[in-house]
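Visitor: I have a structure I would like to understand better, so I am pasting it below and will then ask my questions one at a time.
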Amino acid sequence: MNAIPKHRASNDTARTIQPAWVRIAHWLNALAAVLMMLSGWRIYDASPVIHAFMIPTGITLGGWLGGALQWHFAAMWLLFFNALFYLAMNVVTGRIKTKFFPLSVRAIAHDLGDALKGHLSHTDPSRYNAVQKLAYLFVMFDIAVLILSGLAIWKSVQFPLLRELMGGYDFARVVHFCAMSLLAGFIVVHLTMVALVPRSLLTMIRGR
Amino acid sequence: MKPFKSVTSTVDQKSLSIDVRRELDMPSRRLFGKRVLTLGGLAMLTGCSLSDDKSVEMFLSRVSRINDDVQGWLFDPNRLAPTYTEAQITRPFPFNAFYGVDDVPQVDGSDFRLKVSGLVHDTKVWTLADLYALPKAEQITRHICVEGWSAIGRWGGTPFSEFLKRVGADTSAKYVGFKCADDYYESIDMPTALHPQTLLTFTYDGQQLPAKYGFPMKLRMPTKLGYKNPKHIMEIFVTNTFPGGYWVDQGYNWFGGS
């Protein structure tokens with residue numbers, strides 16, 4: 001009786017697809033991103049970048065501008081330090097290379113075609129297909145842009161180079177808004193894919 | 001983070017016993033329980049119930065005070081805010097206050113006296129003529145509002161550091177505070193008070209500062225957000241006791257740097 005669970009156990013360890021640090025970073029990032037987005041929407045409403053477009057206050061966080069700013073400037077530390085941890089671990093463990101590369105335009109086009117036809121195979125969850133690789137690399141880049149444009153807005157005088165890189169204070173807000181919209185788009189697609197392949201949710205929770 | 005603590009710990013115990021009964025190598029279940037709770041917690045956030053929680057409020061204001069320190073550390077006393085040309089001035093420059101433009105205080109300049117108090121050598125009152133005789137400085141800079149919008153304006157007056165020198169202010173003190181004719185009050189850190197672009201201004205766009213922009217004087221700091229720039233100043237004091245501010249006491253960040 002004993003031998004069977006033992007055998008299974010070693011097999012399970014070998015099949016770990018998402019190491020613990022990836023899962024921890026993923027869920028902390030999810031929490032930070034949601035807090036940043038909900039509070040950011042409230043801040044946005046105080047002076048909308050697109051004048052005709054307001055976000056319903058019912059789905060925002062903070063109650064008023066001051067409260068939203070407190071949430072935003074608290075959650076930013078979680079987003080920032082977690083992103084640093086995630087990137088550092090990716091580089092140190094070499095995961096960034098093995099999981100996300102090689103990546104080619106041809107492979108992306110091929111896998112995207114398969115995905116749209118519903119032919120994309122998910123038999124081996126330990127390997128990302130080219131569209132996944134692109135999507136995850138994109139969201140890393142997008143969050144980096146969000147952090148940098150946010151920093152340019154927050155400290156436009158103290159970081160002149162960053163401010164100019166973002167096209168000045170006012171344009172940094174446009175960049176920040178666009179990067180937020182792209183992140184929102186990513187989340188919608190990401191959650192849809194999780195709903196289509198529910199096993200991927202388990203992978204991100206228990207690692208296999 | 002605090003509000004989740006008590007809930008997660010009970011789940012920890014429950015799932016721990018499950019783990020023991022089943023396979024020892026399934027800590028993922030414990031994690032799963034936490035995740036589910038986190039999602040539930042997130043759902044609660046939008047309902048604002050958590051925002052009203054006292055412990056959350058305290059946590060957030062503590063982080064805000066840490067952010068004051070971070071900004072004080074990031075602040076470079078020699079870094080200048082960008083300046084602009086006359087053609088770039090925003091016209092009309094927006095009026096902004098915690099009241100409507102009809103309620104702007106009308107200060108009588110003829111019998112106006114600026115009070116100076118706290119950690120200064122000279123507490124004599126200042127007439128407008130005394131103030132207008134101070135060394136002149138002018139700048140065209142961007143006013144950035146905490147709401148996100150910005151506008152470029154032209155202010156003229158005297159470097160605030162000059163004024164502080166003349167009243168013999170203890171520049172090793174932590175704060176400079178302001179009391180205003182519209183019952184607004186505000187305070188700033190000493191390094192910003194001494195910044196070369198921090199001006200005590202008496203003019204806007206070459207004209208005497210109009211009432212709506214803060215007659216008789218406004219402290220103009222392009223290194224800080226709009227609400228940190230007090231208008232209609234009646235008294236200036238130097239202190240080591242944190243004086244707060246009108247918006248700051250309601251939750252805006254105190255340093256409010258840019």
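Visitor: I want to verify a result. In a Gaussian network model of chain A, Cα cutoff 10 Å, which of these has the top mean-square fluctuation: A:163, A:15, A:42?
Guide: A:15
Visitor: Below 8 Å between Cα atoms, with a sequence gap of 6+, how large is the relative contact order for the range A:3-206 in percent?
Guide: 18 percent.
Visitor: While we're looking at this one, here's another question. Between beta-carbons, use under 13 Å as the cut-off and find the net charge around residue A:163, counting Lys and Arg +1, Asp and Glu -1.
Guide: Surrounding charge for residue A:163 is +2.
Visitor: Next question. Cα axis of helix A:130-154 to longest principal axis of chain A: angle in degrees, 0 to 90, nearest 10?
Guide: Result, in degrees: 30.
Visitor: Hey, another quick one. Round to a whole angstrom and tell me the spacing of the C-alpha centers of the range A:122-194 and the range B:115-153.
Guide: Spelled out, the Cα-based centre of one part sits 40 Å from the other.
Visitor: Follow-up question, since we're still on this one. Would you mind calculating the relative contact order of the range B:108-183 from Cα pairs under 8 angstrom and at least 6 residues apart, reporting the percent as a whole number? Can you show the working numbers first?
Guide: Details: 78 pairs, mean separation 20.9, N = 76.
About 27 percent, as a whole number.
Visitor: Let me ask something else. Sort the range B:70-250 into rounded, prolate or oblate with this rule: let a ≥ b ≥ c be the square roots of the eigenvalues of the Cα gyration tensor; rounded if a/c is under 1.5, and if a/c is not under 1.5, prolate when a/b is larger than b/c, oblate otherwise.
Guide: Rounded, since a/c falls under 1.5.
Visitor: Let me ask you something else. Would you mind putting A:52-64, B:203-215 in packing order, based on average other-beta-carbon counts within 10 Å, highest first?
Guide: B:203-215, A:52-64
Visitor: Given axes a ≥ b ≥ c from the Cα gyration tensor, I'd like to know whether the range A:41-141 is rounded (a/c under 1.5), prolate (a/b larger than b/c) or oblate.
Guide: Oblate shape, in that a/c is at least 1.5 and b/c is the bigger or equal ratio.
Visitor: For the protein assembly as shown, treating each Cα as an identical point scatterer without solvent, what Debye log10 I(q)/I(0) comes out at q = 0.09, 0.11 1/Å?
Guide: Debye output, listed in q order: -0.72, -0.95.
Visitor: Continuing with the same structure: Classify the range A:3-206 from the C-alpha gyration tensor, please: rounded if a/c falls under 1.5, else prolate or oblate depending on whether a/b exceeds b/c.
Guide: In terms of gyration-tensor shape, prolate.
Visitor: Mind ordering B:221-232, A:79-90, B:85-96 by average Cβ neighbours within 10 Å, highest first?
Guide: Highest-to-lowest ranking by the protection proxy: B:221-232, A:79-90, B:85-96.
Visitor: Please average, across the residues of B:81-93, the number of beta carbons from any other chain that are within 10 Å of each residue's own beta carbon, and give a whole number.
Guide: Mean shielding by partner chains, rounded to a whole number: 1.
Visitor: In peptide A:52-63, what is the residue-averaged number of other protein chain Cβ atoms found within 10 Å of each Cβ?
Guide: For this peptide, the per-residue mean of nearby foreign Cβ atoms is 2.
Visitor: Hey, got the dipole for chain A? About the Cα centre, +1 on K and R Cβ, -1 on D and E Cβ, debye to the nearest 20?
Guide: Computed about the Cα centre, the dipole is about 820 debye.
Visitor: Follow-up. Please work out how many pairs of lysine residues in the range A:2-149 are eight or more positions apart (or on different chains) and have Cα atoms closer than 27 angstrom. All intermediate terms of the calculation are to be shown ahead of the outcome.
Guide: Numbers: A:97/A:133; A:99/A:117; A:99/A:133; A:117/A:133.
Step by step, the pairs that qualify in the range A:2-149 add up to 4.
Visitor: For A:163-172, what's the mean count of beta carbons from other chains sitting within 10 Å of each residue's beta carbon?
Guide: Going residue by residue through A:163-172 and averaging, the value is 2.
Visitor: Using only Cα atoms, tell me the angle between helix A:65-93 and the longest principal axis of chain A; keep it within 0 to 90° and round to the nearest 10.
Guide: 40 degrees
Visitor: Of A:77, B:190, A:54, which is farthest towards the positive pole of the protein assembly as shown's charge dipole, taken about the Cα centre with +1 and -1 on the beta-carbons of Lys, Arg and Asp, Glu respectively?
Guide: With unit charges placed on the Cβ atoms, the residue in question is A:77.
Visitor: In degrees from 0 to 90, rounded to the nearest 10, what is the angle of the helix A:169-196 Cα long axis to the longest principal axis of chain A?
Guide: 30 degrees
Visitor: Run the dipole for the protein assembly as shown about the Cα centre, Lys and Arg Cβ at +1, Asp and Glu Cβ at -1, nothing else charged, and hand back the magnitude in debye, nearest 20.
Guide: With only Lys, Arg, Asp and Glu charged at Cβ, the dipole is about 2220 debye.
Visitor: If you don't mind, there's one more thing I want to ask. Normalised by the residues of the range B:70-250, what does the relative contact order come to in percent, with Cα pairs under 8 Å and at least six apart?
Guide: 26 percent
Visitor: Among A:194, B:97, B:223, which residue has its Cα positioned farthest towards the positive end of the charge dipole of the protein assembly as shown, with +1 placed on the Cβ of Lys and Arg, -1 on the Cβ of Asp and Glu, and the dipole taken about the Cα centre?
Guide: Comparing the listed Cα positions along the dipole, A:194 ranks first.
Visitor: In straight Cα distance, which aspartates and glutamates are under 20 Å from residue B:174, not counting same-chain residues fewer than 8 positions off?
Guide: Those aspartates and glutamates meeting the cut-off are B:68, B:69, B:76, B:122, B:162, B:186, B:189, B:235, B:249.
No lab work stands behind these numbers, since they all come straight from the coordinates. Computed from a predicted structure; not experimentally measured. All Cβ positions, glycine included, derive from the backbone under ideal geometry; neighbour counts span all protein chains shown.
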